[in-house]
Amino acid sequence: MALNPPQDRRFEPRTTRNARGVVVAPGLELACLIADASAAGMKLRLDRRVALPASVLVIDVALGLAYEAEVMWNKGQDAGLKLRGQASLRGLVPARLTHAREAWMRAGGR
């Protein structure tokens, strides 16, 4: 019996990122690795096992971007997210992103 390889259900091509990130949500600020990303989503490797809330902000420390995302799955230290939007953390930011900008600065963002 031959096994079929699993199908990739993504509509957008994904690229390996291995970028330093921070997950921010009410009462949560957690270091992570952005393992891979596409225009529609990303996969994270969390610093530790934690159940994420349904909606989070993911900060790409090097790029200075905050991604608004919906958590689609969370297994152990890995999580898959569907992206809803992004905003720069450089300069002035909307009030809803103030905590994300502060977390970005603490993580070494410039």
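The values are calculated or read from the model by the stated rules, or taken from the named source; none is laboratory data. Not measured: the values here are computed from a predicted model. Positions of Cβ are backbone-derived with ideal geometry, glycine not excepted, and every protein chain shown enters the neighbour counts.
Results, tabulated for the structure shown:
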| quantity | calculated |
| --- | --- |
| Matching residues in the stretch 19-71 - criterion: being at pLDDT 95 or above and of a type in the set (Val, Ile, Thr) | Val22, Val23, Val24, Ile34, Val56, Val58, Ile59, Val61, Val71 |
| Condition check for Val56: buried (at least 17 other Cβ atoms within 10 Å of the Cβ), aliphatic (A, V, I, L, M) and in contact with a Pro (Cβ under 9 Å, 6 or more places away or on another chain) | no |
| The stretch 24-45 residues that are in contact (Cβ under 8 Å) with a residue 60 or more places away in the chain and of a type in the set (A, V, I, L, M, F, W, C), paired with ones that are assigned to a loop (DSSP other than H, G, I, E, B) and surrounded by fewer than 19 Cβ atoms within 10 Å (Cβ to Cβ) (beta carbon under 9 Å, 6 or more apart) | Ala31/Asp47; Ala31/Arg48; Ala31/Ala107 |
| Boolean, Asp60 is acidic (Asp, Glu), touching a strand residue (DSSP E or B) at 6+ places or on another chain (Cβ under 8 Å) and in contact (Cβ under 8 Å) with a residue 24 or more places away in the chain | yes |
